[in-house]
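The values are calculated or read from the model by the stated rules, or taken from the named source; none is laboratory data. Nothing here was measured: the structure is a model prediction, and the numbers come from that model. Glycine also receives a Cβ, built like all others from the backbone with ideal geometry; neighbour counts cover every protein chain displayed. The area values use the complete protein model at the heavy-atom level, side chains included, leaving out ligands, DNA and RNA. Shrake-Rupley method; radii C 1.70, N 1.55, O 1.52, S 1.80 Å.
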Amino acid sequence: MYILAFSDPSALLKHELAYVLGQIRNPVAIPVLTGVLGDLKQDPMVRHEAGEALGAIGCIESIQVLQKYCHADEDVAVRETCEIAIDNIIKHHQANEAEKERLEADSEGSLMFGSVDPAPPAKVLLPTVQLREQLLDTSLALFDRYKAMFALRNQGTKEAVLALCDGLDDDSA
């Protein structure tokens with residue numbers, strides 16, 4: 001019945017619904033989220049969150065639809081979110097078993113916040129200054145920059161918070 005909520009006039013409600021569907025990671029939501037992502041009548045904020053939710057669910061079957069919007073959508077937030085979601089599926093959810101164990105160990109900070117993030121955190125053992133550089137390096141893939149962002153969040157130090165604030169000046173969605 002949650003599909004009916006996507007016809008509500010509130011973009012914020014629909015954004016939050018897409019977010020929650022990604023957080024619960026139930027593949028049953030994939031067709032609805034795919035439809036929302038492709039519905040150009042939806043607010044870009046809602047479409048972006050549908051793409052992020054598809055990445056959070058992590059099914060390889062979602063890659064094809066995400067690629068379509070990653071390259072051809074008129075909204076930069078939707079394009080960039082789809083790019084991150086594809087990397088999240090390929091590099092995180094579909095990683096081989098050894099890599100999954102390492103990623104799960106690195107993702108312990110995400111458990112502290114109770115969220116399914118668009119990217120696992122980079123190794124939090126990296127110095128804050130190095131994570132800040134990675135976050136601000138626009139030559140890197142957004143997925144790798146997000147990894148630095150979540151590692152800084154997990155550090156929770158004053159220095160890490162200031163590094164995150166530096167990232168707010170970025171043009172990227």
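The condition of being of a type in the set (A, V, I, L, M), at pLDDT 90 or above and open to solvent by 50 Å² or more (accessible area, probe 1.4 Å) holds for only one of Val124, Val129, that being Val129.
In the range 134-159, of all residues being part of a helix (DSSP H, G or I) and more than 27 Å from Gly51 (Cβ to Cβ), the one that is most open to solvent (accessible area, probe 1.4 Å) corresponds to Lys158. Taking each residue of the range 50-71 that is at pLDDT 95 or above and looking for partners that are of a type in the set (Ser, Thr, Tyr) and surrounded by 14 or more Cβ atoms within 10 Å (Cβ to Cβ) with beta-carbon atoms closer than 6 Å, six or more apart or interchain, yields Gly51/Thr81; Glu52/Thr81; Leu54/Ser62; Val65/Thr34.
Does Asp117 fit the bill of being modelled with pLDDT of 90 or more and within 11 Å of the chain's Cα centre (by Cα)? Taking the combined requirement at face value, the residue does not satisfy it. Scanning the range 1-16 for residues that are part of a helix (DSSP H, G or I) and of a type outside the set (Lys, Arg) turns up Tyr2, Ile3, Leu4, Ala5, Phe6, Ser7, Ala11, Leu12, Leu13, His15, Glu16.
Out of curiosity, is Arg47 of a type in the set (Lys, Arg) and either at pLDDT below 95 or open to solvent by less than 30 Å² (accessible area, probe 1.4 Å) (or both)? Lay out the reasoning, then the answer.
Working: of a type in the set (Lys, Arg): yes; either at pLDDT below 95 or open to solvent by less than 30 Å² (accessible area, probe 1.4 Å) (or both): yes.
Yes.
Only one entry in Gln94, Gln67 is touching a helix residue (DSSP H, G or I) at 6+ places or on another chain (Cβ under 6 Å), under 26 Å from Arg145 (Cα atoms) and open to solvent by 30 Å² or more (accessible area, probe 1.4 Å), namely Gln94.
Restricting to the range 26-39, and then to whatever is hydrophobic (A, V, I, L, M, F, W, C) and closer than 18 Å to Glu83 by Cα, can you tell me which residue is surrounded by the most Cβ atoms within 10 Å (Cβ to Cβ)? Lay out the reasoning, then the answer.
Start the filter on the range 26-39 by keeping residues that are hydrophobic (A, V, I, L, M, F, W, C), which leaves 28-30, 32-33, 36-37.
Next, only the ones that are closer than 18 Å to Glu83 by Cα stay: 30, 33, 36-37.
Numbers: Ile30: 17, Leu33: 25, Val36: 23, Leu37: 29.
Checked the range 26-39; the qualifying residue surrounded by the most Cβ atoms within 10 Å (Cβ to Cβ) is Leu37.
On the stretch given as the range 1-25, residues that are charged (D, E, K, R) and open to solvent by 70 Å² or more (accessible area, probe 1.4 Å) total 2.
Hey, does the range 84-107 have a residue that's over 18 Å from the mean Cα position of the chain (by Cα) and modelled with pLDDT of 85 or more? Looking through the range 84-107, none of the residues is over 18 Å from the mean Cα position of the chain (by Cα) and modelled with pLDDT of 85 or more.
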